[in-house]
Number of protein chains: 2
Amino acid sequence: MNRDAELLLLNLLVSQRTAALATIHSGEPNASLVLFAAYPDFSAFLIHVSRLSQHTGDMLANPRVSLLISQSDLGNQDPQTLARIAIQGDAHPMPASDQDYPSAVNLYLSKFPLAQPLFSLGDFTLFRILPRKARYVAGFARAFNLTPASLRNLSKNQ
Amino acid sequence: MNRDAELLLLNLLVSQRTAALATIHSGEPNASLVLFAAYPDFSAFLIHVSRLSQHTGDMLANPRVSLLISQSDLGNQDPQTLARIAIQGDAHPMPASDQDYPSAVNLYLSKFPLAQPLFSLGDFTLFRILPRKARYVAGFARAFNLTPASLRNLSKNQ
């Protein structure tokens, strides 16, 4: 991957705020919008979801997820060439008793300060998505397969 | 649904160019970026995908999909309040021999003129996604369940 493609990917993982989360719901695919915050070493991606939402039940029943992070379509380029990464991973709920919970909350809130009030509601849960593999499309017909190790290496090149 | 929420939804269905497609791949969720064009009566959504792409094989093996259309994140509002609709449906490939194929191609190309060359390549297929139900979130804590009939009614209110 050249430096341009690398910078584009770093921008997706760090600066993009929303992603599409695909879960399995009763054997069928279910896509929903989530906000996400990447760990600095890209070892995990945090999402904060309501217990009332379908995707939350889906992840508790089956941790397999796919998280799609795409460049925002600003209408100024062929949308087929928008950069995007689909991360296949496992989503694990993070109880408030977890020793890493306070730092995860800080990480999430440093990206989404407006979400602060949701942490005092009882019905939101923080999930950590651990990537197993990823597919990065840097534009039309420019695609790369990534591993957790290559994501970690990428994090050192910021 | 009030008129504001309706206009926001019409804008998503008509003007938004990209969507996240969730398919089932070997029993696991798979999210990918697609371009889509809605039929004028919202009875179907067209996508045009490469036979080399994983989602194409997924849909041929299992037609169940979820198509998430979201407002672009322009960074100027709380991302939790971005409007989005997740459409659960069935994806059916449309052979060039189908009597509706020429009009479907026209519909798709009227939205994506740059995709014209892809129709002369042999390895792209047009799929029609027929909605079974949809969930529209017009902002934080404003959600609506929609049926194919309510989508069709909405199309009359443009």
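Below is a table of values for the structure above.
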| item | result |
| --- | --- |
| Inter-copy label distances at residue A:116 (7 Å, Cα→Cβ; nm, one decimal) | 5.4 |
| As computed over chain A, the Cα convex hull volume per residue (Å³) | 124 |
| Calculated label separations, residue B:77, copies of the chain, 7 Å along the beta-carbon direction, nm | 2.4 |
| Taking only Cα atoms of the protein assembly as shown, radius of gyration then Dmax in Å | 18.9, 61 |
| Sorted peptide list for B:137-148, A:15-26, B:81-92, criterion being average Cβ within 10 angstrom, highest first | A:15-26, B:81-92, B:137-148 |
| Whole-Hz couplings from phi, Karplus 6.51/-1.76/1.60, listed for region A:74-79; x for Gly and Pro | 9, x, 9, 8, 4, x |
| Segment residue B:78-residue B:92, extension gain: residue separation times 0.36 nm, minus the distance between their alpha carbons | 1.4 nm |
| Estimated distance in nm for a label pair at residue B:123 and residue B:103, the labels positioned 7 Å out from Cα along Cα-to-Cβ | 3.2 |
| Other protein chain Cβ atoms within 10 Å, averaged over every residue that makes up A:68-75 | 5 |
| Order of A:109, A:52 - criterion: other Cβ atoms within 10 Å of each residue's Cβ, fewest first | A:52, A:109 |
| Vicinal HN-Hα couplings computed from phi for region B:86-97 (Karplus, 6.51 cos²θ - 1.76 cosθ + 1.60; Hz; Gly/Pro x) | 10, 9, 8, x, 10, 9, 10, x, 10, x, 4, 7 |
| Over 29 Å (Cα to Cα) - which of A:133/B:133; A:133/B:111; B:111/B:156; A:133/A:156; A:111/A:133 fall in this group | A:133/B:133; A:133/B:111 |
| Inter-copy separations for residue B:92, label at 7 Å along Cα-Cβ, nm, ascending | 4.4 |
| Distance from region A:15-51 to region B:41-116 (C-alpha centre basis), Å | 21 |
| Distance (nanometres) between label positions extended 7 Å along Cα→Cβ at residue A:111 and residue A:147 | 2.5 |
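Where a number appears in this text, it was derived from the coordinates with a stated rule and is not lab data. As the structure is a prediction and not an experimental result, all values here were calculated from the model. Positions of Cβ are generated from backbone atoms using ideal geometry, with glycine treated the same way; all protein chains shown enter the neighbour counts.
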